[in-house]
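**Q** First, the structure itself, so that you have it in front of you.
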Amino acid sequence: MKLNDFVRWLEARAPLELQESWDNCGLLVGDRDAEVTGVLCCLDADEGVIREAMERGCNVVLSHHPLVFKGLKRLTGANAVERSVALAVKQGIALYAGHTNWDQIHGGVSFSLGTRLGLQNMKVLVPRTDSLLNYVVYVPLAQAAEVADAAFAAGAGRVGSYDECHFATAGTGTFRPLDGAQPALGAVGFRSDVAEQRLEFVVPAGVQSAVHQAVCAVHPYEVVAHSWIPLRNSWPDAGYGAVGVLPKPVSLGDFLASCAEELGCEAIKYATADLAKTVQRIAVCGGSGADFVGAAAASKADVYVTGDLKYHGFQDPPGGVVLVDVGHGESEWPFVRDWAEAIRSEFLTFAVLISESDNRPVRTYHHHG
Ligand SMILES: [Zn+2]
């Protein structure tokens, strides 16, 4: 298995197009032609994790947070990032980051958190509204079914729990081939009138070029008439956070206890609420979810579980939603474990390990006094 094939598998699940503009997901260090010997999964890559990878026979470090965010202008070992990158290059260790793209897929970071907390019937909490396109392509009647199949196979026409969705309208296409053209139908210098179909599909932006390439590969025409129209529709399959329900109502106190147990939290912060209060509908967002408190309240959740909430954010939360801060890293580790498991079940030719380096940047001091 070449590194490039592994990267393509990852990006077919969480396209890089889904990442935020400030983010730096994807392959950060590495030779795409290298054979993968083993993958070490972690939240944060650093020198310790890179050394751990070397010791445990892995030449790929897969991290959720990108080690390199800003452009590296020099590599002199002046800080931890430079030293880590230099070590990885020297030792032939590839670094790959799957960050805000994996935060925003159905089955990504927040879904792992929700699953760990026992949530069922989860949906994306904040569906994206800027990621769907309408793809229109004109095809001679005889090839319309073949072109539609190619588009479906490349990821067009998939929304929620439906696939192979499209709309076809019959009409007449006209064209006049000019000198130099090699038309599939008609002759140079003469206008053709052809019975065609106008096919329309909803396409996620991440597979835009794959869909068009697949269509062009089977479309009979030399020049494929088509258009891409951006949509403002919300996309239920991508976006931050998740909301779901517990199998049965529990007290807030019991829910917090299970959060601590499942996520390995030393402490949990929560907004003032009666611990005997009954809760069942739970919104979650792995990482820093302070921006989605309003969405959690709008989803009618009883509780919103995330990390990095601020003091004033705990005061008077909207809709009476109980805010629960389990810690940034604690909310993301379930994803790292699920990520490793998904890769392990797909690839049998190399080991997939979970980092044992304790590089948590935030600790809790227990004061007994
Ligand atoms: Zn994070």
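The values are calculated or read from the model by the stated rules, or taken from the named source; none is laboratory data. Values in this document were obtained by computation on a predicted structure and should not be read as measured data. Heads up, the Cβs are rebuilt from the backbone with ideal geometry, glycines too, and the neighbour counts pull from every protein chain shown. Surface areas here come from the heavy atoms of the whole protein model, side chains and all, with no ligands, DNA or RNA. Shrake-Rupley method; radii C 1.70, N 1.55, O 1.52, S 1.80 Å.
**Q** Looking only at segment 94-127, filter to residues that are open to solvent by 20 Å² or more (accessible area, probe 1.4 Å) and small (Gly, Ala, Ser); which one of those is farthest from the chain's Cα centre (by Cα)?
**A** For segment 94-127, the residue satisfying everything is Gly118.
For every residue, the table says whether it meets (1) closer than 17 Å to Ser355 by Cβ; (2) touching a Phe, Trp or Tyr at 6+ places or on another chain (Cβ under 7 Å).
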{"position": "Met54", "(1), (2)": "yes, no"}
{"position": "Val60", "(1), (2)": "yes, yes"}
{"position": "Gly71", "(1), (2)": "no, no"}
{"position": "Val89", "(1), (2)": "no, no"}
{"position": "Lys123", "(1), (2)": "no, no"}
{"position": "Pro140", "(1), (2)": "no, no"}
{"position": "Asp149", "(1), (2)": "no, no"}
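**Q** Go through segment 139-165 residue by residue and tally those that are open to solvent by less than 90 Å² (accessible area, probe 1.4 Å), more than 14 Å from Ala214 (Cα to Cα), assigned to a loop (DSSP other than H, G, I, E, B) and modelled with pLDDT under 95. Break it down into steps so the answer makes sense when it comes.
**A** First, the residues of segment 139-165 that are open to solvent by less than 90 Å² (accessible area, probe 1.4 Å): 139-140, 143-145, 147-148, 150-157, 159-160, 165.
From the residues that got through so far, the ones that are more than 14 Å from Ala214 (Cα to Cα) too are 140, 159-160, 165.
Applying the additional criterion that residues be assigned to a loop (DSSP other than H, G, I, E, B) yields 160, 165.
Among the residues that remain, those that are also modelled with pLDDT under 95 are: 160.
Going through segment 139-165 one residue at a time, the tally reaches 1.
**Q** Does segment 321-359 hold any residues that are out of contact with any Cys (no Cβ under 9 Å at 6 or more places or on another chain) and within 16 Å of the ligand (Cβ to nearest atom), and which are they?
**A** Across segment 321-359, the qualifying residues are Asp325, His328, Gly329, Glu332, Trp333, Pro334, Phe335, Asp338.
**Q** List, please: which pairs have Cβ atoms under 8 Å, are six or more places apart or on different chains, and start with a residue in segment 101-117 that is within 12 Å of Gly289 (Cβ to Cβ) and in contact (Cβ under 8 Å) with a residue 60 or more places away in the chain and end with one that is assigned to a helix (DSSP H, G or I) and open to solvent by less than 10 Å² (accessible area, probe 1.4 Å)?
**A** Close Cβ pairs satisfying both conditions: Asp103/Val109; Asp103/Ser110; Val109/Glu332; Val109/Phe335; Leu113/Ser331; Leu113/Glu332; Leu113/Pro334; Leu113/Phe335.
**Q** Would you mind listing the strands (runs of 3 or more DSSP E) fully within segment 247-332 where at least 3 residues are within 27 Å of Cys42 (Cβ to Cβ) and in contact with a Lys or Arg (Cβ under 7 Å, 6 or more places away or on another chain)?
**A** Output list is empty.
**Q** Just to be sure, is Val243 at pLDDT 95 or above, open to solvent by less than 30 Å² (accessible area, probe 1.4 Å) and in the same structural domain as Tyr138 (by TED's automatic domain parsing)?
**A** no
**Q** Within segment 28-71, which residues are away from the ligand (no atom under 16 Å from the Cβ) and of a type in the set (Ser, Thr, Tyr)?
**A** Thr37
**Q** Tally time: how many residues in segment 211-240 are acidic (Asp, Glu) and loosely packed, with under 15 Cβ neighbours inside 10 Å?
**A** Within segment 211-240, residues that are acidic (Asp, Glu) and loosely packed, with under 15 Cβ neighbours inside 10 Å number 1.
**Q** Moving on. Checking the conditions here, which among Val85, Val188 is of a type in the set (Val, Ile, Thr) and assigned to a helix (DSSP H, G or I)?
**A** Result of the check over Val85, Val188: Val85.
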